[in-house]
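Working notes, structure below.
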Amino acid sequence: MPRKLSNALTPLTVKNAKPGRHSDGGDLHLLVKASGSRSWVFRFMLNGNSRDVGLGAAAGLGALSLANARVEATKLRLKVQSGIAPIEERDREEAEKLAAAQAALIAETTFKEVAEAHIDANEESWRNPKHRQQWRKTMADYVYPKIGDQSVADVDTPHVLSILESIW
């Protein structure tokens, strides 16, 4: 049976803790700021460097309970023991999610939407009103019929060449 740490935090000590860093007996800490905000921090050592990972709020709406903070700390501890850096892993996962979201957005965006947004963003710098009209007319006559409804991600060199060949 695991030994009980004598300086382990309790829900009552979490609630009444004064400003400072309070250890739960190891690498889990309660960080209490002077403003009264409370958050859980997991401190670990990897490759000779001490690092902190925020686990979340310890008080307020959506707060992480002491028991849940201990569970999260245990998960992170196992990762560190396996040589996995929790901060880098979290950053990598967030970057992958962002890339997937951007790819989904690009897949849903048509060429016409992007072209119209580009024209709208730049037409103020085109002093000649005829130039503005030429951009819109050229796109409507030559580009939109061929690739206007196509996803931006699917537009490729052969598509652009077929449009240019019809103009030249």
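The values are calculated or read from the model by the stated rules, or taken from the named source; none is laboratory data. The structure displayed is predicted, hence computed values, not measured ones. Please note: Cβ atoms are built from the backbone with ideal geometry, for glycine as well, and neighbour counts cover all protein chains shown.
Within the stretch 26-62, which residues are assigned to a loop (DSSP other than H, G, I, E, B) and surrounded by fewer than 14 Cβ atoms within 10 Å (Cβ to Cβ)?
The initial filter retains those residues of the stretch 26-62 that are assigned to a loop (DSSP other than H, G, I, E, B), namely 26-27, 33-37, 47-48, 58-62.
Of everything in the stretch 26-62, those that are assigned to a loop (DSSP other than H, G, I, E, B) and surrounded by fewer than 14 Cβ atoms within 10 Å (Cβ to Cβ) turn out to be Lys33, Ala34, Ser35, Gly36, Ser37, Asn47, Gly48, Gly60, Leu61, Gly62.
Given Gly56, Gly48, Gly36, which one is free of Cβ contacts under 8 Å to residues at least 40 places away in the same chain, out of contact with any Asp or Glu (no Cβ under 9 Å at 6 or more places or on another chain) and within 21 Å of Ile84 (Cβ to Cβ)?
Gly48
Within the stretch 105-138, how many residues turn out to be surrounded by 11 or more Cβ atoms within 10 Å (Cβ to Cβ) and either touching a residue at least 60 places away in the same chain (Cβ under 8 Å) or under 37 Å from the mean Cα position of the chain (by Cα) (or both)?
20
Which condition does Glu96 not pass, out of (1) touching a His at 6+ places or on another chain (Cβ under 9 Å); (2) within 30 Å of Val80 (Cβ to Cβ), if it passes all the others?
Glu96 satisfies every listed condition except (1).
Just to be sure before I move on: is Leu76 in the same structural domain as His29 (by TED's automatic domain parsing), in contact with a helix residue (DSSP H, G or I) (Cβ under 6 Å, 6 or more places away or on another chain) and hydrophobic (A, V, I, L, M, F, W, C) in the structure I sent?
Values: in the same structural domain as His29 (by TED's automatic domain parsing): yes; in contact with a helix residue (DSSP H, G or I) (Cβ under 6 Å, 6 or more places away or on another chain): yes; hydrophobic (A, V, I, L, M, F, W, C): yes.
Judged against the criteria, Leu76 is a match.
Given (1) surrounded by 13 or more Cβ atoms within 10 Å (Cβ to Cβ); (2) out of contact with any Ser or Thr (no Cβ under 8 Å at 6 or more places or on another chain), identify the lone condition not met by Asp141.
With respect to (1) surrounded by 13 or more Cβ atoms within 10 Å (Cβ to Cβ); (2) out of contact with any Ser or Thr (no Cβ under 8 Å at 6 or more places or on another chain), Asp141 is out only on (1).
Do you know which of the residues in the stretch 69-114 that are in a helix (DSSP H, G or I) and of a type in the set (S, T, N, Q) is modelled with the highest pLDDT?
Thr74
Would you say Leu66 is touching a Ser or Thr at 6+ places or on another chain (Cβ under 8 Å), in contact (Cβ under 8 Å) with a residue 12 or more places away in the chain, under 30 Å from Asp24 (Cα atoms) and surrounded by 10 or more Cβ atoms within 10 Å (Cβ to Cβ)?
yes
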